[in-house]
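Report on one structure; see the data block that follows.
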Amino acid sequence: MAVLGRSSCFVAALIALASVAAVAGEVFFQEKFDDGWEDRWIKSDWKKDDNTAGEWNHTSGKWNGDADDKGIQTSEDYRFYAISAQYPEFSNKDKTLVLQFSVKHEQKLDCGGGYVKLLGGDVDPRKFGGETPYSIMFGPDICGYTTKKVHAILTKNGKNHLIKKDVPCETDQLTHVYTMIIRPDATYSILIDNVEKQSGSIYDDWDILPAKKIKDPEAKKPEDWDDKEYIPDPEDKKPEGYDDIPKEIPDPDAKKPEDWDDEEDGEWTAPTIPNPEYKGPWKQKKMKNPDYKGKWKAPLIDNPEYKDDPFIYAFDSLKHIGIELWQVKSGTLFDNILITDDIEYAKKFAEETSGKNREAEKAAFDEAEKKRLEEESANTKDDDDDDDNDADEDEDGADDDIAEINAEDAKGYADVKTEDATDDKAEDSKEKASDEEKTHDEL
């Protein structure tokens, strides 16, 4: 029994160690926008005075994989948005920093951002806006055909530094998870939907520090330095008489017209044609320069202004997360925000939130698109039918107008005939009366 007891204790110890390992990481902030989210987030007063501050909706969107899984979505076009939340202040010195969130552009974004910002402890949430200093800005940015990338901006010494590498972002209307990992060895990774899209060193991929080496400003190119790779071939000589070859010559097949009169038309000359013997201006051939030393470059020296920063990856104060956007067309939805030092926990969190709903959301989107296209097709058909009816009515109206015109013409013609007949009758009576008067006079 004693042996069994010792074994049970050993198993319990293993379980305890496993549990410790499972919670070894720290979660600094986690937001799924469930009940009470408005108590944790503060809407900024930025842009309220000029009535351009947009409102946030708490929703799961028009299509989703779980109607109960809600986030916050921009709801008004041509508006500024600014909202932030606070967490216990910390520094990522000597520890890994993972920033992760999901975003969905239901409006089929043409121009706008979907990024979040990490800010320090000296931020007034009510005044948070576009000019508020931040430590990290991360997320997708889309504008037209040229800008479709992931922003990864690190602020050091009051200056914002953009990542130099290109990181394409997703451009569809579905939810995607964006993750940025910054490690204590100054390496980083950027993931989309738990798939790494870019990685490297902060030293190499951001111009935060001055260059270690610079060109020696005192160096001068030696006077005897020959940097001409090719030189004229001294053995190549211009052929004798080359410059006498005319560019054009008289056309040997041309004949003077038979009706040409030299006295009236002047002396006839044959038209010219390009000379097949003419090769253009002569150019001397080139040859490899045996004294060529290559393009001269100033030697590199240590940059006196360079100073290594072993904490280039770190930020002393991280206390707020904010979302600050300008949107021409609203409909961007944020959800499942996470700040932690545990990479594996972040991956699992992404899988258990947005990841588990991905297929259902895609099916819902496809159904919504199908319905939208059917409605558009029906509306187009209705418009065509209305146009046809309008055309028929116009045609019927035209027929009625023609009938009326014909009736009026017929009536007018009849009136004219009647008037003509009356006039003829009156004329006959007049002539008859005149004849009778003439006969009476004769008698």
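From the list 195, 177, pick out the single residue that is over 25 Å from residue 304 (Cα atoms) and touching a helix residue (DSSP H, G or I) at 6+ places or on another chain (Cβ under 6 Å). Steps first, answer last, please.
Working: 195 fails: touching a helix residue (DSSP H, G or I) at 6+ places or on another chain (Cβ under 6 Å).
Of the residues listed, the single one that is over 25 Å from residue 304 (Cα atoms) and touching a helix residue (DSSP H, G or I) at 6+ places or on another chain (Cβ under 6 Å) is 177.
Among (1) over 19 Å from residue 311 (Cβ atoms); (2) open to solvent by less than 80 Å² (accessible area, probe 1.4 Å), which single condition is residue 153 missing?
With respect to (1) over 19 Å from residue 311 (Cβ atoms); (2) open to solvent by less than 80 Å² (accessible area, probe 1.4 Å), residue 153 is out only on (1).
Among the listed residues 224, 262, identify the single one that is at pLDDT below 95, closer than 30 Å to residue 299 by Cα and either β-branched (Val, Ile, Thr) or surrounded by fewer than 11 Cβ atoms within 10 Å (Cβ to Cβ) (or both). Break it down stepwise before answering.
Details: 262 fails: closer than 30 Å to residue 299 by Cα.
Going through 224, 262 in turn, just one is at pLDDT below 95, closer than 30 Å to residue 299 by Cα and either β-branched (Val, Ile, Thr) or surrounded by fewer than 11 Cβ atoms within 10 Å (Cβ to Cβ) (or both): 224.
Considering each residue of the range 337-362, count those that are open to solvent by 30 Å² or more (accessible area, probe 1.4 Å) and among the hydroxyl-bearing types (Ser, Thr, Tyr), and give that number. Quick ask: steps written out before the conclusion?
Within the range 337-362, the first condition is being open to solvent by 30 Å² or more (accessible area, probe 1.4 Å), and the residues that meet it are 341-345, 347-348, 351-352, 356, 358-360, 362.
Then keep just the ones that are among the hydroxyl-bearing types (Ser, Thr, Tyr); that gives 345.
Counting residues in the range 337-362 that are open to solvent by 30 Å² or more (accessible area, probe 1.4 Å) and among the hydroxyl-bearing types (Ser, Thr, Tyr) gives 1.
Given the criterion out of contact with any His (no Cβ under 7 Å at 6 or more places or on another chain) and open to solvent by 10 Å² or more (accessible area, probe 1.4 Å), identify the matching residue among 365, 334.
Numbers: 334 fails: open to solvent by 10 Å² or more (accessible area, probe 1.4 Å).
Step by step, each of 365, 334 is checked, and only 365 is out of contact with any His (no Cβ under 7 Å at 6 or more places or on another chain) and open to solvent by 10 Å² or more (accessible area, probe 1.4 Å).
Do any strands (runs of 3 or more DSSP E) entirely within the range 109-157 hold 3 or more residues that are in contact with an Asp or Glu (Cβ under 7 Å, 6 or more places away or on another chain) and closer than 22 Å to residue 190 by Cα, and if so, which?
By residue number, 147-156.
Somewhere in the range 124-140, is a residue under 23 Å from the mean Cα position of the chain (by Cα), open to solvent by 10 Å² or more (accessible area, probe 1.4 Å) and either among the aromatic types (Phe, Trp, Tyr) or within 15 Å of residue 317 (Cβ to Cβ) (or both)? I'd like the intermediate steps shown before the answer.
Going through the range 124-140, the residues under 23 Å from the mean Cα position of the chain (by Cα) turn out to be 130, 136-140.
From what is left, the residues that are open to solvent by 10 Å² or more (accessible area, probe 1.4 Å) are 130, 137.
Of the ones still in play, those that are also either among the aromatic types (Phe, Trp, Tyr) or within 15 Å of residue 317 (Cβ to Cβ) (or both) are none.
Looking for residues that are under 23 Å from the mean Cα position of the chain (by Cα), open to solvent by 10 Å² or more (accessible area, probe 1.4 Å) and either among the aromatic types (Phe, Trp, Tyr) or within 15 Å of residue 317 (Cβ to Cβ) (or both), one finds none in the range 124-140, hence no.
So how many residues does the range 267-277 have that are in a loop (DSSP other than H, G, I, E, B) and either surrounded by 10 or more Cβ atoms within 10 Å (Cβ to Cβ) or on the phi > 0 side of the Ramachandran plot (or both)? Steps first, answer last, please.
Taking the range 267-277 and keeping what is in a loop (DSSP other than H, G, I, E, B), we get 267-271, 275-277.
Narrowing further to those that are either surrounded by 10 or more Cβ atoms within 10 Å (Cβ to Cβ) or on the phi > 0 side of the Ramachandran plot (or both): 268, 270, 275.
Final tally of qualifying residues: 3.
To keep it simple, each residue is scored yes or no on (1) closer than 24 Å to residue 362 by Cα; (2) aliphatic (A, V, I, L, M).
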| position | (1), (2) |
| --- | --- |
| 80 | no, no |
| 87 | no, no |
| 94 | no, no |
| 103 | yes, yes |
| 111 | yes, no |
| 126 | no, no |
| 132 | no, no |
| 139 | yes, no |
| 146 | no, no |
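What is the one condition in (1) open to solvent by less than 60 Å² (accessible area, probe 1.4 Å); (2) more than 18 Å from residue 311 (Cα to Cα); (3) at pLDDT below 95; (4) not aromatic (Phe, Trp, Tyr) that residue 211 does not satisfy?
(2)
Just give me the residues in the range 71-97 being part of a loop (DSSP other than H, G, I, E, B), under 27 Å from the mean Cα position of the chain (by Cα) and either surrounded by 13 or more Cβ atoms within 10 Å (Cβ to Cβ) or at negative phi (or both), in sequence order. Before you say what the answer is, go through the steps one by one.
Pass one, the range 71-97, residues part of a loop (DSSP other than H, G, I, E, B): 75-78, 91-96.
Subsequent filtering for residues that are under 27 Å from the mean Cα position of the chain (by Cα) retains 75-78.
If the condition is that a residue be part of a loop (DSSP other than H, G, I, E, B), under 27 Å from the mean Cα position of the chain (by Cα) and either surrounded by 13 or more Cβ atoms within 10 Å (Cβ to Cβ) or at negative phi (or both), then 75, 76, 77 are the ones that fit.
Residue 117: touching a strand residue (DSSP E or B) at 6+ places or on another chain (Cβ under 9 Å), at pLDDT 95 or above, under 27 Å from residue 348 (Cα atoms) and basic (Lys, Arg), yes or no? Please lay out each step first, then the result.
On the way: touching a strand residue (DSSP E or B) at 6+ places or on another chain (Cβ under 9 Å): yes; at pLDDT 95 or above: yes; under 27 Å from residue 348 (Cα atoms): yes; basic (Lys, Arg): yes.
Spelling it out, residue 117 is indeed touching a strand residue (DSSP E or B) at 6+ places or on another chain (Cβ under 9 Å), at pLDDT 95 or above, under 27 Å from residue 348 (Cα atoms) and basic (Lys, Arg).
Report the residue count in the range 304-329 for those that are open to solvent by 20 Å² or more (accessible area, probe 1.4 Å) and either part of a loop (DSSP other than H, G, I, E, B) or aliphatic (A, V, I, L, M) (or both). Even if it seems obvious, please write down each step before you answer.
Of the residues in the range 304-329, the ones open to solvent by 20 Å² or more (accessible area, probe 1.4 Å) are 304-311, 316-317, 319, 324, 326, 328-329.
Restricting the remaining residues to those that are either part of a loop (DSSP other than H, G, I, E, B) or aliphatic (A, V, I, L, M) (or both) gives 304-311, 316-317, 328-329.
The number of residues fulfilling the criteria is 12.
Any idea which of 280, 294 is more than 18 Å from residue 203 (Cα to Cα), of a type in the set (Gly, Ala, Ser), free of Cβ contacts under 8 Å to residues at least 60 places away in the same chain and part of a loop (DSSP other than H, G, I, E, B)?
280
Scanning the range 233-249 for residues that are in contact with a strand residue (DSSP E or B) (Cβ under 7 Å, 6 or more places away or on another chain) and surrounded by 12 or more Cβ atoms within 10 Å (Cβ to Cβ), which turns out nearest to residue 280 (Cα to Cα)?
249
Can you pull out the residues in the range 168-192 that are within 21 Å of residue 341 (Cβ to Cβ) and open to solvent by 30 Å² or more (accessible area, probe 1.4 Å)?
183, 184, 185, 187
How do the pairs read when you match residues in the range 203-222 that are within 20 Å of residue 161 (Cα to Cα) and without any contact (Cβ under 8 Å) to a residue 60 or more places away in the chain with residues anywhere that are open to solvent by less than 60 Å² (accessible area, probe 1.4 Å) and assigned to a loop (DSSP other than H, G, I, E, B), using Cβ under 8 Å and keeping only pairs 6 or more apart or on different chains?
Close Cβ pairs satisfying both conditions: 205/163; 206/163.
Among the residues in the range 187-210, are any small (Gly, Ala, Ser), assigned to a loop (DSSP other than H, G, I, E, B) and more than 18 Å from the chain's Cα centre (by Cα)? So that I can check it myself, show each step before the final result.
Restricting attention to the range 187-210, the residues satisfying the condition of being small (Gly, Ala, Ser) are 189, 199-201.
Now narrow it down to the ones that are assigned to a loop (DSSP other than H, G, I, E, B): none.
Within the range 187-210, not a single residue is small (Gly, Ala, Ser), assigned to a loop (DSSP other than H, G, I, E, B) and more than 18 Å from the chain's Cα centre (by Cα).
Say we look at the range 29-67 and pick out the residues that are without any contact (Cβ under 8 Å) to a residue 12 or more places away in the chain and over 30 Å from residue 97 (Cβ atoms); which of these is surrounded by the most Cβ atoms within 10 Å (Cβ to Cβ)?
So, considering only residues that are without any contact (Cβ under 8 Å) to a residue 12 or more places away in the chain and over 30 Å from residue 97 (Cβ atoms), the one surrounded by the most Cβ atoms within 10 Å (Cβ to Cβ) is 48.
The values are calculated or read from the model by the stated rules, or taken from the named source; none is laboratory data. Keep in mind it's a predicted model, so treat the numbers as computed, not measured. No Cβ is skipped: glycine too gets one built from the backbone with ideal geometry, and neighbour counts run over all protein chains shown. Note: areas computed on protein heavy atoms with side chains; ligands, DNA, RNA excluded. Shrake-Rupley method; radii C 1.70, N 1.55, O 1.52, S 1.80 Å.
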